[in-house]
Amino acid sequence: MKPPRVLYKYESLATQSLANLKSQIVYFGSPLQFNDPYDCAINPSIESPSDEELDAMRNSYLKKPDLPSSARIEFETYDYPQLREIFVRSARNALNNGVQDFLKTKGVVCFTERNDDLLMWSHYGGKYKGFCLEFNTSAELFQKVKPVRYVRTIPSISVTSILNDHGSVFSDLFCTKSDAWSYEKEWRAIHKVAGTEFGYPSDALAGVYFGPDIDRQSLEIVCLILAGQNENVRLWRGSRSTSEFKVLFEEFTYTSHLDAKRKGIIK
């Protein structure tokens, strides 16, 4: 599934977020730091395989030339209940190991389709005092982003999916969240190493949206960083709507103090 033309990333006003902006990087953080305890740590149930599925898996393993002789004897002689127990146990172990490995080693960076959500400005945008980055998704960074799937109940997974195509299963699992978070409209990219800094070209950053409560000095710091490396980025000042529970934005042009003096705007 292709991402929308632009995606957004909320930032609080912190030294690290400013350094990342200056270096033009996004950070793949550890999912252990996420505020949702189920995020990337779902423990799905495993569907009991049918007799037909057991036959298919048994035949698949018996065709492997490197199958140990002891395992071959088991596959040839065990009845369905015994095979079912073996395959379910193997799937559970593979699933648990995959989840633990992901939590300990992998990195995730999160984006959203929205730049005006009140909860997201509160949770991720420094309580309205931060900023929100707008990215063109044609950049390399977004070639492998996946949409988060929001569900009402914890999913179940078939044994065959886990044992035969666990890469796809885990990829889907780590992009699944409770529908309580559906307002985020999230997309995410996953890196094999947590803590990775991934650089993006200047033209990937299309705009910056400032929270309604950001102070003037902080706004100027961000604008000065951008002025030194991205002359085409668009700037938007946020304000609270007086008729809706919503953040509104108005585009503006930033002129530094020195430029204003040169142009005679101030003395």
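The values are calculated or read from the model by the stated rules, or taken from the named source; none is laboratory data. Here the structure is a predicted model, which is why all the values come from computation and not from measurement. Virtual Cβ from ideal backbone geometry, glycine too; neighbours counted across all protein chains shown. In case anyone asks, the SASA skips ligands and DNA or RNA and just uses the protein heavy atoms, side chains included. Shrake-Rupley method; radii C 1.70, N 1.55, O 1.52, S 1.80 Å.
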So in the stretch 117-267, what percent of DSSP beta bridges are antiparallel if you round to the nearest 5?
65 percent
Residues of type lysines that Lys63 reaches as a straight line, Cα spacing below 23 Å, ignoring anything fewer than 8 places off in the same chain:
none
How big is the charge dipole of the chain about its Cα centre, in debye rounded to the nearest 20, if each Lys and Arg gets +1 on its Cβ and each Asp and Glu gets -1 on its Cβ?
1040 debye
Between the stretch 1-66 and the stretch 115-157, what is the C-alpha centre distance in whole Å?
14 Å
At 1.4 Å probe radius, can you tell me the per residue accessible area of the chain in Å²?
56 Å²
Candidates Leu119, Leu67, Leu103, ranked by Gaussian network fluctuation over the chain, Cα under 10 Å, top entry
Leu67
Whole-Å semi-axes of the chain's equivalent ellipsoid, largest first, each the root of 5 times a Cα gyration tensor eigenvalue?
50, 18, 13
Based solely on its DSSP helices, what 222 nm [θ] is calculated for the chain when runs of n ≥ 4 H residues each add -39,500 (n - 2.57) and the sum is averaged over all residues, nearest 500 deg cm²/dmol?
-10500 deg cm²/dmol
Using packing as a proxy for protection, rank 52-64, 68-80 so that the peptide with the highest average count of other Cβ atoms within 10 Å comes first.
52-64, 68-80
Lysines whose Cα lies under 26 Å from that of Lys9, excluding same-chain neighbours fewer than 8 positions away:
Lys22, Lys104, Lys106, Lys127, Lys129, Lys144, Lys146, Lys177, Lys185, Lys192, Lys246
Whole-percent carbon and sulfur share, accessible surface of the chain, 1.4 Å
50 percent
